[in-house]
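Let me begin by presenting the structure, written as structure tokens, before commenting on it.
The values are calculated or read from the model by the stated rules, or taken from the named source; none is laboratory data. Because the structure is predicted, anything quoted here is derived from the model rather than measured. Using ideal geometry, Cβ is built from the backbone for each residue, glycine included, and neighbour counts are taken over all protein chains shown.
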Amino acid sequence: MFYFDKINGKTVLKSDFLEDITAFFTTRESVIKTKEPEFENLVEENKKMFREYLQVTELVSPSQTHSANVDFAVVGKTDYPETDALILDNKKQAVFLNFADCTPVILYDKKQKIAAISHAGWRGTAQKIAPETVKVMKSAPEDIIAVIGPAISLCCYDVGDDVFEQLKSTVKNFDGMFKIKDGKKFVDLKAINARQLEEIGADKIDICPYCTYCDNDMFFSYRRENATTNRHSALIKL
């Protein structure tokens, strides 16, 4: 179940599925990613706060390009080009990826004690980035705890025919993953990512109820905010 919490007075979103690691989603007031000048001071303030809270010197984030490329975080390394899933297997770093409608997927292997974040927009989802991340982690799917964070939901995410068909082809059963309204096709990226994980054998999955488009007072939405560069983030620390 998802619930809001505070870190130094700043609101974050957590899941009670992840009690063995530190993992949360930032909100508008705890933002750590922007290209907009009015948010720069807040971002630097929040990054400093999180480094102190997590007791790390390195907050590592890859250069996301809607690929299906997966990499491991390495102490001292800060450059991860064209990487949309990052695996964490050390306790010296914290890892974060950034979102504004795309689907964040946090994966935790309770036996190996490693974790990852996948960035699953429609392109990443079409390439099954979450199951691919589990594969690179070398995890048994039944050992995976998956937390699917705030993203644009079925109510607000209409797509063209080509995208619809690509997403449909990634799961055996597409029932409940879409709706057609006023001639438009809407898809549920959160549900599709969950179904992809279920179909490889993962069965411990928490799905966030919040829609970034509808709940725009709390999260950022690329669609609703005219291609904003502000992002909320998924963050993990072992």
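The table that follows gives values for the structure above.
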item	result
Hits in segment 34-64 (condition: hydroxyl-bearing (Ser, Thr, Tyr) and either at pLDDT below 95 or touching a helix residue (DSSP H, G or I) at 6+ places or on another chain (Cβ under 9 Å) (or both))	Thr34, Thr57
Candidates Pro141, Pro104, Pro131, filtered to the one that is in contact with a Phe, Trp or Tyr (Cβ under 7 Å, 6 or more places away or on another chain) and touching a residue at least 24 places away in the same chain (Cβ under 8 Å)	Pro104
Verdict on Val56 being assigned to a loop (DSSP other than H, G, I, E, B) and either farther than 16 Å from Ile117 by Cα or without any contact (Cβ under 8 Å) to a residue 60 or more places away in the chain (or both)	yes
Unmet requirement for Asp175, which otherwise passes all of (1) modelled with pLDDT of 95 or more; (2) out of contact with any helix residue (DSSP H, G or I) (no Cβ under 8 Å at 6 or more places or on another chain)	(1)
Subset of segment 105-121 (residues that are assigned to a strand (DSSP E or B) and either within 11 Å of Gln64 (Cβ to Cβ) or aliphatic (A, V, I, L, M) (or both))	Val105, Ile106, Leu107, Ile114, Ala115, Ala116, Ile117, Ser118, His119, Ala120
Residue list for segment 108-120, restricted to those being under 14 Å from Leu18 (Cβ atoms), touching a residue at least 40 places away in the same chain (Cβ under 8 Å) and not basic (Lys, Arg)	Tyr108, Ile114, Ala115, Ala116, Ile117
Any chance Thr103 is within 19 Å of Met218 (Cα to Cα), in contact with a His (Cβ under 6 Å, 6 or more places away or on another chain) and at pLDDT 95 or above	no
Check on Lys185, within 19 Å of the chain's Cα centre (by Cα) and surrounded by fewer than 19 Cβ atoms within 10 Å (Cβ to Cβ)	no
Of all residues making up segment 66-91, the number that are free of Cβ contacts under 8 Å to residues at least 60 places away in the same chain and touching a Gly at 6+ places or on another chain (Cβ under 9 Å)	3
Some residue of segment 217-228 being closer than 29 Å to Lys138 by Cβ and among the aliphatic types (A, V, I, L, M)	no
Any hit, segment 1-10, residues being over 30 Å from Ala227 (Cβ atoms), at pLDDT 95 or above, touching a strand residue (DSSP E or B) at 6+ places or on another chain (Cβ under 9 Å) and in a loop (DSSP other than H, G, I, E, B)	yes
Flag for Leu97 being within 16 Å of the chain's Cα centre (by Cα), among the aliphatic types (A, V, I, L, M) and either crowded, with 16+ Cβ neighbours inside 10 Å or in a strand (DSSP E or B) (or both)	yes
Count of residues meeting criterion [buried (at least 20 other Cβ atoms within 10 Å of the Cβ) and part of a strand (DSSP E or B)] in segment 13-43	7
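The rows are residues; the columns are (1) among the hydroxyl-bearing types (Ser, Thr, Tyr); (2) more than 25 Å from Met1 (Cβ to Cβ); (3) surrounded by 19 or more Cβ atoms within 10 Å (Cβ to Cβ).
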position	(1), (2), (3)
Gly176	no, no, no
Leu197	no, no, yes
Ala202	no, no, yes
Arg224	no, yes, no
Thr228	yes, yes, no
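Conditions (1) surrounded by 18 or more Cβ atoms within 10 Å (Cβ to Cβ); (2) touching a Leu at 6+ places or on another chain (Cβ under 9 Å); (3) not hydrophobic (A, V, I, L, M, F, W, C), marked per residue:
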{"site": "Gln127", "(1), (2), (3)": "yes, no, yes"}
{"site": "Ala130", "(1), (2), (3)": "yes, yes, no"}
{"site": "Met137", "(1), (2), (3)": "yes, yes, no"}
{"site": "Ser153", "(1), (2), (3)": "yes, yes, yes"}
{"site": "Val159", "(1), (2), (3)": "no, yes, no"}
{"site": "Val163", "(1), (2), (3)": "no, no, no"}
{"site": "Gln166", "(1), (2), (3)": "no, no, yes"}
